[in-house]
Every structure is written in C-alpha cells, then in structure tokens.
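These notes are about the structure you will find just below.
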Amino acid sequence: MKNDGAKCAYCATTGFFDGVHKGHQYILRSLIADARAHDMLSAAVTFRQHPRQVLQHDYVPKLLTLRQRRERLLLATGVDRVVMLDFTPAFAAQTAADFMLRLRDEYNVRRLLIGYDHRFGHNREEGFEDYQRIGERIGIEVPACKVFTENNTNISSSVVRRLIAAGNIALANEYLGYRYTFDGVVVRGRGEGRKIGFPTANMCIDAGQLIPRRGVYGTEITIPGHGRRLFGMMNIGCRPTYGGDGETVEVNIFDFDEDIYGQCISVSLFLRLRDERKFDSVAALIGQLKADREHILNALRQ
C-alpha cells in the first residue's frame, strides 16, 4: 500500500451508510478490492448530517448509528479513509458533476464505485449512466457494484430500521452483521428497581437514536474501564406497574453493583423476550423478572 495518502489516488464510494449493515459492508469490501486491484487507496465518503435533515427542516431522524459509531464501523471494514462532509443547503444544490469534481480535486478520487440504487446530486436527478458520462469527461472511472441480497431481500437501512422498530432484533442483527448497539449516559431514576432487587441503569439516549419497540431485551453492556463481559436485561417502556409516567430505557446489569452515574455506556441487544406489560402486584413483577433473567442466562449458556 502506498504510504503518502495525501498524494495517492483514491477509489471511493459515497453514501450515508446508516447502520453500516451487510449491504454496506458488501459495497465496502468491493471498494477495497477494487482499490487494491488499481493500486489505489480506498475511501468512504459520507455526511455528518442526514440529508433529509437539511432537505426537510421538520424531519428528526431516528438513526441506527450516530456519527461517531458510524465512523468507527466504517473504519472497521478496512477502508483506508473516511471522509465526513457537511450536508448543507449549498451542498444539496450541487449537481452530480459539481460533487464529482470536488471528489476529484479535493480528495484525488479517480474511481467512484456506485451502489446499485445510489443517486446523488441536486434532486437526485441523474443516474448511473449520467455519472459514467460525467466521469469520462473529468477523469473518474465509474464502475457499478453488484446487488447484495440475503433471504431474497435487498438489505437497506430502512429495512433494518423497520425491523428494529417492530422489535425483530434477531433478523435486524442478521442483516446488520452484528448486534444492534446504542449508547446512553446513565442518569438517576426513581430507584424502584433497587428496592425489589433489580437495580437498573437508566439511560439518557440521544434524540436521534432509533429505540427499539417497547419490551424486555437481553443485552451485553460495555462500560468504559471494565474489562469483563457484562450482560443484563433491558426494559424499554413506561413502567406500567408503577404508574406509567413516560418512556424510559433502563438496564439491569447482572452481578454488577457499581456507581456508574454520569458514564456513557453501550448496550448491544441480542434477544427480545416479551412485550412490556402491567402486573397485578410488585410480587408478580419480581417473579417475571426472575424468569426473564433465567431466560437470558440460559440463552447465553447455549
């Protein structure tokens, strides 16, 4: 591999890459192979803002991956470089030719790999053949990437979002190629869990993060500075047994009782147990929580 990335030619692909799911991973593997075959470096060109945030001012995205996690996942695929651009109204007004010229002049892109359904430029007016014609004119080769399917499904971010919103974590994880994961800062709650022997870490989640359907989930928890693997059960909902006063995301971490208030923790979901429901008594709730815990532990033993 060439050492001078600033002067080296790049083979690039572009997109928002929310989730960096298996479809994205296929494109990025193809990109890396193509770059190596042409003695270039590989680059994933993406955006800090979701384009719809700019194009629709009242749109609040619910994303699979926020920016920092998305960038980490992109780099983990093995691409040489991740380019994060600001998607602004001025950027949205650019033609496809304007964008491709920028890639050529600012990032030395000489090949641009296009996903099967990807469009860019003002109002997404042009298509693949247009990109090829522009490329011939300005010195960028534009190869196409084959379609990646699984279970006869073209995997997309919107497909994965729908699965998570419906609580189908198993299939969502299969399409992602990893466990759905999000972060949150631990904040103080009402302390009801601790009173019944199931203390919970209440998570404050970024408004842009997609939260799965309400219910109880098996999770793996990552806490900065803790080397051992931690597992637990997460409840997403309004705690109806205690009066249902607004949605919370809280996780009971098994065999763990340290003060982690103010820390940012990560949770990876691997199992959905059940819907949230109201119990007739706190004793009935405790009995169900014990059964939920055993269910998760049995799944981990398998």
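The values are calculated or read from the model by the stated rules, or taken from the named source; none is laboratory data. Quick caveat, the model's predicted, so the values are computed rather than measured. All Cβ positions, even for glycine, are placed from backbone atoms using ideal geometry, and neighbour counts span all protein chains on display. Remember, those area values only see protein heavy atoms, side chains included, never the ligands or the DNA or RNA. Shrake-Rupley method; radii C 1.70, N 1.55, O 1.52, S 1.80 Å.
When the trypsin sites (Lys or Arg not before Pro) in the stretch 220-289 are filtered for DSSP coil states and for at most 10 other beta-carbon atoms within 10 Å of their beta-carbon, the remaining sites are Arg228, Arg229.
For the stretch 68-167, state which trypsin sites (Lys or Arg not before Pro) are in a DSSP loop and have at most 16 other beta carbons lying within 10 Å of their beta carbon.
Numbers: sites: Arg69, Arg70, Arg72, Arg81, Arg102, Arg104, Arg110, Arg111, Arg119, Arg124, Arg133, Arg137, Lys146, Arg161, Arg162; in loops: Arg119, Lys146.
Passing both the DSSP loop test and the Cβ count: Arg119, Lys146.
Backbone phi angles across the stretch 224-238, fed through the Karplus curve with coefficients 6.51, -1.76 and 1.60 (θ = phi - 60°), yield HN-Hα couplings of x, x, 9, x, 7, 6, 10, 10, x, 10, 10, 10, 10, x, 10 Hz in residue order; Gly and Pro are listed as x. The share of Cα pairs per 20 Å bin across the chain, counted from zero up to the longest distance, runs 30, 48, 20, 2 percent. For Leu85, the amide hydrogen comes within under 5 Å of the amide hydrogens of Thr46, Phe47, Arg48, counting only partners 5 or more places away or on other chains and with H modelled in the peptide plane.
Largest accessible area first, the listed residues Cys145, Cys204 line up as Cys204, Cys145 when surface is computed with a 1.4 Å probe on the assembled protein chains.
For Leu113, the residues whose modelled amide H falls within less than 5 Å of its own, excluding neighbours fewer than 5 places apart on the same chain, are Ala12, Thr13. Summarising the strand pairing of the chain, around 65 percent of its internal DSSP beta bridges are antiparallel. Taking amide H as placed 1.01 Å from N in the peptide plane, Phe254 has its amide H under 5 Å from the amide H of Phe231, Gly232, Met233, each at least 5 places away in sequence or on another chain.
Could you list the GluC sites (Glu not before Pro) in the stretch 238-275 that lie in coil according to DSSP, counting only those with at most 16 other Cβ atoms within 10 Å of their Cβ? Don't jump to the answer; show the numbers that get you there.
Details: sites: Glu247, Glu250, Glu258; in loops: Glu247, Glu258.
Those satisfying the criteria are Glu247, Glu258.
Couplings 3J(HN,Hα) for the stretch 254-262, derived from phi with the Karplus relation 6.51 cos²θ - 1.76 cosθ + 1.60 (θ = phi - 60°), are 5, 6, 8, 8, 9, 7, 10, 4, x Hz, where x marks Gly and Pro.
Against the chain, whose longest principal axis is taken from its Cα atoms, helix 22-37 shows a tilt of about 40°.
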